[in-house]
Structures are given as structure tokens and as C-alpha cells.
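Peer 1: I am attaching a structure below and will ask some questions about it afterwards.
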Amino acid sequence: MTDILIIGGGIAGLSVGAALAPHASVTLLEAEDALAYHASGRSMALYEANYGSDTTTALARASGDFFIRDTDYLSPRGLMVIAKQGEEDAFARDAIKMNLQSITIDEALAKVPILNRKVVTNAAFQPDAWDIDTDRLMQDHARTIRANGGRIVCKASATKIRFEGRWIVSTQTEDFEVDLIVNAAGAWVDEVTKLAGVAPLGFIPCRRSVARVPAPGGHDTAPWPMFFGVNEGWYAKPDAGSLCISPADEHPTTPHDAWADDMVLAQGISDYQDVVTEEVTRVQSNWAGLRTFSPDRHLVIGHAPDNSAFFWLAGQGGYGFFTSPAASKLAADLILGRASELDKSTITRLSPNRFSS
Ligand SMILES: Cc1cc2nc3c(=O)[nH]c(=O)nc-3n(C[C@H](O)[C@H](O)[C@H](O)COP(=O)(O)OP(=O)(O)OC[C@H]3O[C@@H](n4cnc5c(N)ncnc54)[C@H](O)[C@@H]3O)c2cc1C
């Protein structure tokens, strides 16, 4: 059996690990004390098949079978965009891009009763957006890896990587000799690549901040849809009895343990506040995570052109969960030499080869 080492214990590493473990000898390394400490523990956990570039929506649609037909990781959420006077053009563009149907202000208020009818001039909605039970999804992937004889090692940062016909990957405590490395290190993918002597591709980690506020006006937020300002200027999503508000920031940075910027959060809360009747008086908690994009914002899935024993699974941006079933399946198909169900053009456009000509 091929010995495969996956670097990264977020949704990317765990999902590909679960797809590979029945067919190969899999070890997954995670630098932190626990899995999903970085981006994968900080997401909004939404499945929405119309969000992102065309290759992202292709992966999202291909993931739909797993999520919608074959499993119970999803629960209904719905998605609504609202606009103020002067935002009509942006609203019309969003409605087309996100496949939304216009609804009346009364209908919008029935969904989110705190909207300010003196300010909100347009609203549009679509029901095909779901909450993903991300914790359970990742725990199940970890269980699948272990049940198939795979190993998951936390507190194990790959710090030295040498290629001598096989890879020798060193952590603080142990060396691993393997045939193939899968680079699923999130914001650190280029750092891992440099350690391995493979050409980095120029990934850009971008900070996104979130504030959790108490349920506005004591409402039960559970049935509310996720609601957005135009151009994804900000958004709000019910979460465990509270409301999470994000300024939808996309601040380019370097790989690190991200934290929210107070001024950016305040601006997002102020933009949200403009369209609702209930004042935000308290922030319960806040956090930020890194959404990491490739230079052309498409995911990167494939063997490195400069070393076929090195495999990229990177650049999940803000789409890592809802693309993970199809992205991990494609990665496993390419690694195991199986035919993929995805169309050839999508596979080519996701391949790292696109950066080498
Ligand atoms: C605020 C926010 C909202 C989001 N909302 C959504 C959403 O609604 N839906 C959605 O699908 N996606 C969403 N995302 C995006 C999603 O969270 C990411 O795309 C996804 O989590 C990326 O997963 P990953 O496994 O690639 O990265 P990570 O979860 O960051 O995992 C990479 C891991 O690699 C480890 N690592 C790095 N270097 C090494 C090394 N040398 N050795 C060992 N381990 C190493 C890190 O410690 C890290 O744990 C959101 C992201 C944010 C920040």
C-alpha cells in the first residue's frame, strides 16, 4: 500500500484522509493540539451552491449529492439579500448571481422581524442554503481514517521535509517516511511547499472577522435565514440562539493564528445596524479566521508539476466545507489513478499545472 502523509488537520486534510484511508496507508499530521483549530473551526458552516467562482460552484454542485441526498449533515437555513435606497444595481446583480427571487418587504420582515421597513427597500431570498454540521462532519472523517488503520497525530508540525526517492518528514518527535505528501495545510500551504523544495504558488491568506451578539430583541433567531447586505458588504447568521455578524472583510495577511480587528468589526456591526431596529448593545465573543486563496481564486487540486510525489489540496478560500465532498473525492481519484466524475475542463482548471506555463 502507498504510504501517504497528509499535512493539515482541517476539513481539507480530514476529508481527503477519509477518502484515501480505505485504499492506502494514511497518516495525518496536525501542528496544533487539536484538529480544526484554524479556519475549519471558525467558519460560518454554510452550504450554498451559487457562491464563488465557476469551478467552486461546480465542486459545490458535485458535493450536493453527498450533502443533500446521501447524508444528514445539513439543516435548512435559507439566504436573503437586502438593500437600501441607492443600492438597486448591486441588489439586481446579487439576485442574478445568487439565484435569488425578489420578495416583498412584508415577506422579508416575516423572515427577519427586526428589519427596519423605513430603510430596507428591496429583498430577495432563496431557500437552497443549508447549515452544515461541520463538527460532526470532521469527527466522522477522523473516525473513518482511524477505522481504516490510519493515524492522526496532533502536536506534530512538519518542520523538515527531504526527498530521497521517498519523503522523509520530520516533526518535533518523530520522522515519517512516505511515498506521497498531500499538502492540506490551509494558510500554510506555501510554507509547507517551501520546506519540501517544491515551487510555491503564491497563496494569499485573507482575514475574515465575526462578532457574536445576543439574540436581537430576545427573538428566537433559529428560523431566520442568513442575511446579507449587497455586494456581500456584511452578513448575519443565526447561531446557537445568538446572531453572528461579519463585516465580510477580506484582509490579505500572512499565515498566523488570526484574531478580529476591532475597527473592522465595528464597521460591520454599524452596517448591519443601519437596516435593523434592534441596537447591538453587547458583543458576546469575536474571532477571525483565514480564508486562503490561490492567485486566480480557484482551488488547487493535483500533483505538483515539479514533483509528482507532492499533491496540492489548497486554496479553499471561503468554500472549504461545502466543496469538501467533491474536492476530496477528486483528490483521492487523482492520487489512486481512478477516473473522476467531474468534467475534464473543471479538473484542468483546478490543476496546479495551470500556473506552470
Ligand atoms: C469567518 C469564516 C467563515 C467561513 N464560512 C464558510 C462557510 O460558510 N462555508 C464554507 O464552506 N467555508 C467557509 N469558510 C471557509 C472554510 O472555513 C475554509 O475554506 C476551510 O476551513 C479551510 O480548511 P483547510 O483544512 O484547508 O484549512 P485549516 O482548517 O486552516 O487547516 C489547515 C491545518 O494545517 C495545519 N498545519 C499548517 N502547517 C502545518 C505543518 N507544517 N504541519 C502540520 N500541520 C500544519 C494548521 O495548523 C491547520 O490546522 C469560512 C472561513 C472563515 C474564516
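The values are calculated or read from the model by the stated rules, or taken from the named source; none is laboratory data. From a predicted model like this one, the values you see are computed outputs, not experimental measurements. Cβ placement follows ideal geometry from the backbone for every residue including glycine, while neighbour counts extend to all protein chains displayed.
Peer 1: From (1) assigned to a helix (DSSP H, G or I); (2) near the ligand (Cβ under 10 Å from one of its atoms); (3) within 16 Å of the chain's Cα centre (by Cα), pick out the condition that doesn't hold for residue 137.
Peer 2: The number of the failed condition is (2).
Peer 1: Identify all residues within region 255-293 that are more than 15 Å from the ligand (Cβ to nearest atom) and either charged (D, E, K, R) or outside the structural domain of residue 215 (by TED's automatic domain parsing) (or both); write none if there are none.
Peer 2: 262, 271, 274, 278, 279, 282
Peer 1: Let me ask something else. Determine whether region 266-273 contains at least one residue that is under 21 Å from residue 129 (Cα atoms) and among the charged types (D, E, K, R).
Peer 2: Our first condition is that a residue be under 21 Å from residue 129 (Cα atoms); within region 266-273, this holds for 272.
Cutting the leftovers down to among the charged types (D, E, K, R) gives us none.
No, that holds for no residue.
Peer 1: Return the residues of region 47-86 that are crowded, with 20+ Cβ neighbours inside 10 Å, of a type in the set (Gly, Ala, Ser) and either under 20 Å from residue 313 (Cβ atoms) or without any contact (Cβ under 8 Å) to a residue 12 or more places away in the chain (or both); say none if nothing qualifies.
Peer 2: Residues satisfying the conditions are 52, 58, 60, 62, 63.
Let's see how each residue does on (1) surrounded by fewer than 16 Cβ atoms within 10 Å (Cβ to Cβ); (2) over 30 Å from residue 325 (Cβ atoms):
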residue: 126; (1), (2): no, no
residue: 155; (1), (2): yes, no
residue: 158; (1), (2): no, no
residue: 164; (1), (2): yes, yes
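Peer 1: Since residue 68 meets every condition but one in (1) of a type in the set (A, V, I, L, M); (2) in the same structural domain as residue 279 (by TED's automatic domain parsing); (3) modelled with pLDDT under 95, which condition does it not meet?
Peer 2: Result: residue 68 passes all but (2).
Peer 1: Return yes when residue 40 is touching a helix residue (DSSP H, G or I) at 6+ places or on another chain (Cβ under 7 Å) and not assigned by TED's automatic domain parsing to the domain that holds residue 351 and no when it is not.
Peer 2: Numbers: touching a helix residue (DSSP H, G or I) at 6+ places or on another chain (Cβ under 7 Å): yes; not assigned by TED's automatic domain parsing to the domain that holds residue 351: no.
No: the conditions fail for residue 40.
Peer 1: Now for a different question. If only one of 168, 161, 152 is β-branched (Val, Ile, Thr) and either free of Cβ contacts under 8 Å to residues at least 24 places away in the same chain or not assigned by TED's automatic domain parsing to the domain that holds residue 309 (or both), which one is it? Before the answer, list the steps.
Peer 2: Numbers: 161 fails: either free of Cβ contacts under 8 Å to residues at least 24 places away in the same chain or not assigned by TED's automatic domain parsing to the domain that holds residue 309 (or both); 152 fails: either free of Cβ contacts under 8 Å to residues at least 24 places away in the same chain or not assigned by TED's automatic domain parsing to the domain that holds residue 309 (or both).
After applying the criteria, what remains is 168.
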